[in-house]
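Visitor: Submitted below is the structure of interest, expressed as structure tokens.
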Amino acid sequence: MRTIAQRCADNGGITNITLGELRAELGKQKLGRYVLGSIQELLTDDSLGWFPTETLNPDLNTAPRQEQIVWVYSSAAGPVADAIDVILKPGGRDVAAVLRSLLGQGHGELSTDEKIKAIQEIVNA
């Protein structure tokens with residue numbers, strides 16, 4: 001997944017990619033639901049996160065398609081990773097502080113809840 005990690009780095013820490021591209025990166029000929037687990041492991045090993053999370057979940061995505069898109073981001077991408085992680089895994093994090101730091105400019109009129117909702121809509125897209 002080094003190619004994908006580099007793609008993230010080249011794009012400010014986040015990029016979108018199809019399941020077909022991820023399958024090819026693994027060197028697999030076919031994309032099946034059991035390949036999704038292998039993709040998850042390799043992304044995690046390279047400190048990469050993804051969303052929507054259900055796209056790579058074989059229990060939820062029982063018929064994966066090569067054209068399905070996931071967003072892949074580097075866990076070291078600073079504010080981008082912080083914002084995504086605080087929405088996907090908020091436990092023990094200061095959600096309001098992360099959102100204020102990320103969305104302070106141009107979004108000052110939004111409440112913390114509205115900011116969370118806006119990011120959740122992006123993450124769940």
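The values are calculated or read from the model by the stated rules, or taken from the named source; none is laboratory data. Quantities reported herein were computed from a predicted structural model and do not represent experimental measurements. Neighbour counts run over all protein chains shown; Cβ positions are idealised from the backbone, glycine included. These area figures cover heavy atoms from the full protein model, side chains too; ligands, DNA and RNA do not enter into them. Shrake-Rupley method; radii C 1.70, N 1.55, O 1.52, S 1.80 Å.
Visitor: I need every pair where a residue in the stretch 59-81 that is more than 16 Å from Ala24 (Cα to Cα) has its Cβ under 9 Å from the Cβ of a residue that is exposed (fewer than 12 other Cβ atoms within 10 Å of the Cβ) and aliphatic (A, V, I, L, M), sequence separation at least 6 or different chains.
Guide: Listed pairs, sorted by first residue: Trp71/Ala125.
Visitor: Could you check how many residues of the stretch 2-14 are under 11 Å from Trp50 (Cβ atoms) and open to solvent by 10 Å² or more (accessible area, probe 1.4 Å)?
Guide: Of the residues in the stretch 2-14, 1 are under 11 Å from Trp50 (Cβ atoms) and open to solvent by 10 Å² or more (accessible area, probe 1.4 Å).
Visitor: Scan the stretch 70-87 for residues that are open to solvent by 50 Å² or more (accessible area, probe 1.4 Å) and modelled with pLDDT of 80 or more and report the count.
Guide: 3
Visitor: Quickly run through the stretch 44-64 and pick out the residues that are open to solvent by 30 Å² or more (accessible area, probe 1.4 Å) and under 16 Å from Ile84 (Cα atoms).
Guide: Listed by number, the residues that qualify are Thr44, Ser47, Trp50, Thr53, Glu54.
Visitor: Moving to a separate point now. If you go through the stretch 24-37 one residue at a time, do you hit one that is open to solvent by 70 Å² or more (accessible area, probe 1.4 Å), within 22 Å of Ala81 (Cβ to Cβ) and either part of a helix (DSSP H, G or I) or in contact with a Pro (Cβ under 9 Å, 6 or more places away or on another chain) (or both)?
Guide: no
Visitor: Ok, one more. Specify which of the listed residues (Glu54, Glu67, Glu25) is among the acidic types (Asp, Glu) and at pLDDT 95 or above.
Guide: On inspection, the qualifying residue turns out to be Glu67.
Visitor: Follow-up question, since we're still on this one. Here's a check for you: in the stretch 73-86, which residue that is more than 11 Å from the chain's Cα centre (by Cα) and part of a helix (DSSP H, G or I) is nearest to Thr53 (Cα to Cα)?
Guide: Val86
Visitor: Residues Glu41, Glu67, Glu21: which one is open to solvent by 70 Å² or more (accessible area, probe 1.4 Å), more than 13 Å from Ile4 (Cα to Cα), out of contact with any Pro (no Cβ under 8 Å at 6 or more places or on another chain) and in a helix (DSSP H, G or I)?
Guide: Among Glu41, Glu67, Glu21, only Glu41 is open to solvent by 70 Å² or more (accessible area, probe 1.4 Å), more than 13 Å from Ile4 (Cα to Cα), out of contact with any Pro (no Cβ under 8 Å at 6 or more places or on another chain) and in a helix (DSSP H, G or I).
Visitor: Checking Asn16 against (1) assigned to a helix (DSSP H, G or I); (2) under 27 Å from Gly78 (Cβ atoms), which single condition isn't satisfied?
Guide: (1)
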